[in-house]
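Structure first, commentary second.
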Amino acid sequence: MSLRIDALAQLLSVAAAALALAFVSGCSTMSQVGGVVGQATGVMNADQAEALNKSALAIEKTFQDITPEQEYYIGRAVAATVLVTYKPFDREQANAYLNLIGQTAVQFSAKPETFGGYHFLLLETDEVNAFAAPGGLILVSRGMVRCCKTEDELAAVLAHEISHVDHQHGLKAIRKGRLTSALTTLGAAAGSSLAGGQLAEVTKAFEGSISDITSTMMNSGYSRTTEFEADKGAVVIMKKMGYNPAALVTMLERMQVQLKADNKGFGKTHPAPEVRIAELKKTIGTETQPEASPVRQERFQKR
Amino acid sequence: MKRQSKRWLGLGLIVMIGTTLVAGPVTMSVQVKSGQVLATPSFLGKVVTRVNYGDRLQVLEQQGDWSKVTLADGQGGWMHNSALSKKKIAMKAGSQDAQTGASGDELALAGKGFSSDVEADFKTKNRDVDFTWVDKMEKIKVPPESMQQFLKDGGIQPVEGGKR
């Protein structure tokens, strides 16, 4: 065991040298750099270099393959950051109804179980907008709810957001460099808790990740392909759940009219509704208008 | 009679296709904060017991998105596959598992990386970011019975997956 620790200490000291060079060269990945530097400088033999390569690769994979627990903490901070700009709509009954539809729809998604579960909250703004934070914290504006005229349409909006979480679109917005920047800190701290400077380093990577996700969600928006993927996922959830997926089309048609006068929120971050409708119709065909349900309409209007 | 036996044969085939018998029990970990073990492979099934993050259990059989599990205390039931991981979850970074250096493919360290410690540090550095409503929204949980009632009242009939 002590041999193992000695070897690890030696490897870590070499890793520090490797990292320094990585900053200079700027393009090698951490998983490759150990062997190249170590051997080139004669600090370690081929076996040690191989061991470092394996160790660096393991750490890199661990961190890039963000665990559900880490995804949960990222999601919490993303939601809290969105709530700096948008105030919550503090009405218990309305939020309860939103969660009733949303959490039920989640059961028909591909990955219904997340670390902290799915939860939905209304935002007090007329802007037409919705945000899906990693792990399943979903924020929906009152403007977006007003854009929906039926429960089925609101379910379609929520299904689209659930699909973003399912596909981990938020996490994919994190710049690759962010994750590798914390790599050595985590590697050096293997077997012990993060403390002092190490904690500060990881928090810096965390802040950067939150910023990458929120700026994508609130300003630049996801790519068209990503939005189409979320729409397709929404159709699957709607069908499994028993709603007519054409409700997503009727909602987008209304949004098309509403967004023309307002280039905020969805108008800024999403492809034009007509583009999404055209893409959706490839998946669902020319499905008929969703049938009206008096019970659903009544509870939707009472919310 | 002949038609009925054909129907049973068809049903039998569907069940067989949907069920995967695991060759010997496979040990898996609970990867959600709090998981439910249900009496049937359905979210609307009765809750048999609850399990916690990192708990290890045996998977005996899989049926679509669901796994039939047995706990260390002998209790058993069904869990959705998305709540389970093949990785062993070491609850303390300094634990034996962490020190023996199992690779990231086999081991996940609880509280490692982005964790409650990091969130606490983030909060001190970003005083304008308030988590009060995040904590509040996390408390909104819809019980399975309410979901069932919601679907029934609204005349919504699930087609496949989920509760089925």
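The table below lists the values:
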item: Candidates per GluC sites (Glu not before Pro) in the range A:57-153, loop by DSSP, up to 14 other Cβ within 10 Å; result: A:Glu124
item: Efficiency of FRET from Cβ geometry, B:Gln157 and A:Gln258, R₀ 30 Å, rounded to 0.05; result: 0.45
item: Sorted by Cβ density within 10 Å, fewest first, the residues B:Trp78, B:Trp133; result: B:Trp133, B:Trp78
item: Efficiency of FRET between A:Asn219 and A:Asp90 - r from beta-carbon atoms, R0 25 angstrom, step 0.05; result: 0.45
item: Shielding by other protein chains, A:72-79, mean Cβ within 10 Å; result: 6
item: Residue order, fewest to most surrounding Cβ atoms within 10 angstrom, among A:Thr250, A:Thr104; result: A:Thr250, A:Thr104
item: Separation of the B:Asp135 and A:Arg175 label points, Cα + 7 Å toward Cβ, nm; result: 3.3
item: Average beta-carbon neighbours from other chains, 10 Å sphere, peptide B:68-81; result: 1
item: Likely footprinting exposure, B:Met91, A:Met238, fewest C-beta neighbours within 10 Å first; result: B:Met91, A:Met238
item: Cα→Cβ-extended label distance, 7 Å offset, between A:Glu291 and A:Asp126, nm; result: 3.8
item: B:Thr27/A:Val275 FRET efficiency (R0 35 Å; Cβ-Cβ; nearest 0.05); result: 0.15
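We did not get these values from a lab; they are worked out from the coordinates using the rules stated. Source: prediction; values computed, not measured. Note that each Cβ is placed from the backbone with ideal geometry, even for glycine, and that neighbours are counted across all protein chains shown.
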